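The values are calculated or read from the model by the stated rules, or taken from the named source; none is laboratory data. Quantities reported herein were computed from a predicted structural model and do not represent experimental measurements. Cβ: placed from backbone, ideal geometry, glycine included. Neighbour counts: every protein chain shown. The area values use the complete protein model at the heavy-atom level, side chains included, leaving out ligands, DNA and RNA. Shrake-Rupley method; radii C 1.70, N 1.55, O 1.52, S 1.80 Å.
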Amino acid sequence: MEGKILYNYHFDYNNCRKEFMSFKDDLSKYYSLVSKECFLVEEDCYIDSFRCENQTNDKILLITTGLHGIEGYAGNVFLQIFVKEFLSLIKHDKVSLFLIHSINPWGMKNKRRVNENNVDLNRNFLFQNNDLENESYLKMRKYFKKQRLVKTSDLNLVFSFFQLLPYLTSLGIKGITEALTKGQYIDENSVYYGGRLEQKETKYLKEVYEKIYNSYGFVLHFDIHTGAGPKNKMIIVNSSFYNDKKEKLEKDFEYSPITKVSKDSFYDISGDMIDYIYKKYQNVSNFYSTCFEYGTLGEGLIGQLKSLKTLILENQAFYYGTKNSRIQSRIDKLFKKMFFPEEKIWKENFENDSKSALRGILKYFGFIVEN
């Protein structure tokens, strides 16, 4: 029902876990085997999952959430939507389920984007000869690394714009976007750090994917993210290795907009999880893996500047602190607004866009019984 918020928007890790665990009864109505796994990452921080099977299944729907910790709160709402509105429609005699709650539970619990080692896990899925150089980041290194307390003046967006102006002139918007989002592998206490070592969360997910992508005739995979893309709108972001044209997909899925990871249309990423899956399995498995990205602050210059500033301030405050608690509170609010907004319009669009995309894609691949 449009105009009404129907789901629970918890902003507490333990409450989200309880919500996820409560799905077991619903899942057991449709599957003879519902197995739960809780992989311990840090103390009281678990990658939780349900694997649901019937003997005749040869396809599987995989949903992953919380690769970026704080984005797991929206992922929890997405899983609620799926279980309450789409579970009963799934062709249970043909389609298995694998639901993963919070790939990065430490980040989710501590309301950070990164894991306990400050690693952005979506820059940690490296495969063979990844290009790990980020020249734009090196040129902006001083801008990203302010090794001091956050002051009140740091929160001023106009002042921040003037600090950024020389980089806008020399690198342009695309260069600044690349500096931030491509990933960097040299400064472990800075933003978008991809990690010099494979993280335990990454290793665990790779083992899960090895089983799934080698065991089914077809895998359909949704990975849930927030923070980038059009304001208050969900965009489907395909891997740079997926070749179908967006116009065809928008018609097939009855959903728009659709784009792909690239310098020209979205942004380029090193160590991206979905790209890793395509590199690893595109010649041995039949699958469609994609990302649902829910926009918050918008794609324009002001939106991008707010996003850039918010990420830098959160990282700076974590490592070097703030001059007072009021500044920390403002940063916390900014960070939440970027990844899990409180506005009703965002929540309404989150629910409506999720339902629309799920309905269109599940219908196209024949995963649901059509009414």
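Details
- Options TYR46, TYR73; residue that is buried (at least 23 other Cβ atoms within 10 Å of the Cβ), of a type in the set (Phe, Trp, Tyr) and over 22 Å from SER289 (Cβ atoms): TYR73
- Candidates in region 186-214 are the residues that are under 22 Å from VAL95 (Cα atoms) and touching a residue at least 12 places away in the same chain (Cβ under 8 Å); of these, the one that is nearest to the chain's Cα centre (by Cα) is LEU205.
- Any chance LEU205 is at pLDDT 95 or above and hydrophobic (A, V, I, L, M, F, W, C): yes
- Scanning region 83-98 for residues that are part of a loop (DSSP other than H, G, I, E, B) and either open to solvent by 60 Å² or more (accessible area, probe 1.4 Å) or within 12 Å of ASN57 (Cα to Cα) (or both) gives LYS91, HIS92, ASP93, LYS94.
Residues checked against (1) of a type in the set (A, V, I, L, M); (2) at pLDDT below 95; (3) assigned to a loop (DSSP other than H, G, I, E, B):
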{"residue": "ASP268", "(1), (2), (3)": "no, yes, yes"}
{"residue": "THR296", "(1), (2), (3)": "no, no, yes"}
{"residue": "GLN304", "(1), (2), (3)": "no, yes, no"}
{"residue": "ASP332", "(1), (2), (3)": "no, no, no"}
{"residue": "LYS337", "(1), (2), (3)": "no, no, no"}
{"residue": "GLU348", "(1), (2), (3)": "no, no, no"}
{"residue": "ASN352", "(1), (2), (3)": "no, no, no"}
{"residue": "LYS355", "(1), (2), (3)": "no, no, no"}
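- Taking region 237-262 as the range and being touching a Ser or Thr at 6+ places or on another chain (Cβ under 9 Å) and more than 19 Å from LEU358 (Cβ to Cβ) as the test, the residues that pass are SER239, SER240, LYS260, VAL261, SER262.
- Output for region 153-165, where each listed residue is in a helix (DSSP H, G or I) and either surrounded by 14 or more Cβ atoms within 10 Å (Cβ to Cβ) or of a type outside the set (A, V, I, L, M, F, W, C) (or both): SER153, ASP154, LEU155, SER160, PHE161, GLN163, LEU164
- Qualifying positions in region 119-152 - out of contact with any Ser or Thr (no Cβ under 9 Å at 6 or more places or on another chain) and not in a loop (DSSP other than H, G, I, E, B): ASN122, GLU135, LEU138, LYS142, TYR143, THR152
- Lone qualifier among LYS4, LYS29, LYS24, LYS18 - being touching a Lys or Arg at 6+ places or on another chain (Cβ under 9 Å) and either modelled with pLDDT under 95 or open to solvent by 40 Å² or more (accessible area, probe 1.4 Å) (or both): LYS24
- Hits in region 84-114 - residues which are in contact with a strand residue (DSSP E or B) (Cβ under 8 Å, 6 or more places away or on another chain), within 24 Å of ASN14 (Cα to Cα) and charged (D, E, K, R): LYS109
- Those residues of region 302-354 which are among the β-branched types (Val, Ile, Thr) and surrounded by fewer than 17 Cβ atoms within 10 Å (Cβ to Cβ), in sequence order: ILE302, ILE345
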